[in-house]
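Read the structure below first, then the notes.
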Amino acid sequence: MPMNPAPHLTDDRWAELLRVRATDPAAVERAYAKRIRRSALLSERETLFLVAADHPARGALGVGSDRTAMADRRTLLERLLIALADPAVDGVLGSPDVVEELLLLDALDDKVVIGSMNRGGLAGAEWEIDDRFTGYDADALVRYRLDGGKMLLRLVDSDPGTVPTLHACAQAVSELAAHGLMAMVEPLPYHRDASGALVMSKDAPSLARAITVASGLGVTSAYTWLKIPAPEDSSVLDATTLPVVVLGGVPSGDPAADLAAWGGALHHDVVRGLVVGRTLLYPPDGDVAAAVDAAARMLKQSR
């Protein structure tokens, strides 16, 4: 998967990152402390456009036929730096390791940073639905001065692993709200097919049900946002008054089709933006900057 040459992560810059990682671990906390925070969560157009980079922490490394596309960390960071260089990108959603590498590369000043909280439901594992909180917790998000926390909530009625995940997400929503931080909940209805494999339920009733379940988590919904796939029937979004961001999901291999799917949802009143990862970071033609620009223009036009 080729990528246009871009000097965002030079050999010298990469070598310095590795040196700091090995010799100065305290540099990470200093980088958190000195980050210049953006004054507002939303852009001037009251939208939010984030690049997602928390997939590797759940072992979800594949893009198309390449099962380990996201495993090369230097390539991932280079692509993230290209995306974050676009002024239309408001920030990043990432696990602690990725966020800290971007901090050490001075890439997150004046950007929104959302920390990924539960990554324990490893992709393909038998316990995948019991998605333990193995990343950021609310106290760390406050201490490190991040802008919110994201949690994945896959709802599988036939899998008891859904219950501890529901409970943990509710607790996290309450804890984040107590500190005035956004809780970005990603409720995804799933079922198991005849072979036992997990399959997302994309029908309107399942998505509407997932939205209503996620909306009621915790002691207050005042700081809750929802991150959901673009529904084929936008009336699904009538199920909530909470702000919604549309997730990119698994790339289809057809960027134009992906953009069209997102665009339909972006016109709904509750939708505030996009949170997209692999589709923009690993486009078929390798041109990250162009993929990000196309998504940004679509978001701007929709508002």
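For the reader, a short list of remarks on this structure follows.
- Using a Förster distance of 30 Å, the FRET efficiency for His191-Ala256 (Cβ separation, nearest 0.05): 0.55
- Relative contact order [Cα under 8 Å, 6+ residues apart], the range 128-186, whole percent: 45 percent
- Accessible surface calculations at 1.4 Å, restricted to protein heavy atoms, place the chain at 44 Å² per residue.
- In terms of distances greater than 20 angstrom between alpha carbons, the cross-link table entries Lys202/Lys300; Lys34/Lys150; Lys34/Lys227; Lys34/Lys111; Lys111/Lys202 yield Lys202/Lys300; Lys34/Lys150; Lys34/Lys227; Lys111/Lys202.
- Given charges at Cβ of Lys, Arg, Asp, Glu: the chain dipole, positive-most of Met298, Ala230, Ala178: Ala178
- Per-q log10 I(q)/I(0), the range 156-198, q = 0.14, 0.20 Å⁻¹ (Debye; single scatterer per alpha-carbon; no solvent): -0.44, -0.70
- Calculated P(r) tail over 31 Å for the chain, as whole % of Cα pairs: 24 percent
- Selected from Ala27, Val246, Val275, residue furthest toward positive end of dipole (the chain; charges at beta carbon): Ala27
- When you restrict to C-alpha pairs under 8 Å that are six or more residues apart and normalise by the size of the range 95-236, the relative contact order lands at 19 percent.
- Taking a Cβ cut-off of under 13 Å around Tyr282, the surrounding Lys, Arg, Asp and Glu residues balance to a net charge of -3, with basic ones at +1 and acidic ones at -1.
- Translational D in µm²/s for the range 14-166 (Stokes-Einstein at 20 °C, 1.002 mPa s, Kirkwood Rh from C-alpha pairs): 129 µm²/s
- Expected 222 nm ellipticity per residue - DSSP helices of 4 or more, -39500 (n - 2.57), all of the chain, to 500: -11000 deg cm²/dmol
- When the inverse distances between all different Cα atoms of the range 216-276 are averaged and flipped, the Kirkwood radius reads 12.2 angstrom.
- Of the solvent-accessible surface of the chain, computed with a 1.4 Å probe and all protein chains present, 52% belongs to carbon and sulfur.
- Once C-alpha pairs closer than 8 Å and six or more residues apart are averaged by separation and normalised to the residue number of the chain, the relative contact order reads 18 percent.
- The range 120-170 and the range 235-303 have their alpha-carbon centroids 23 Å apart.
The values are calculated or read from the model by the stated rules, or taken from the named source; none is laboratory data. Here the structure is a predicted model, which is why all the values come from computation and not from measurement. A quick note on method: Cβ atoms are made from the backbone with ideal geometry, for glycine too, and the neighbour counts reach across all protein chains shown. Quick note on the areas: whole protein, heavy atoms, side chains included, nothing else; ligands and nucleic acids left out. Shrake-Rupley method; radii C 1.70, N 1.55, O 1.52, S 1.80 Å.
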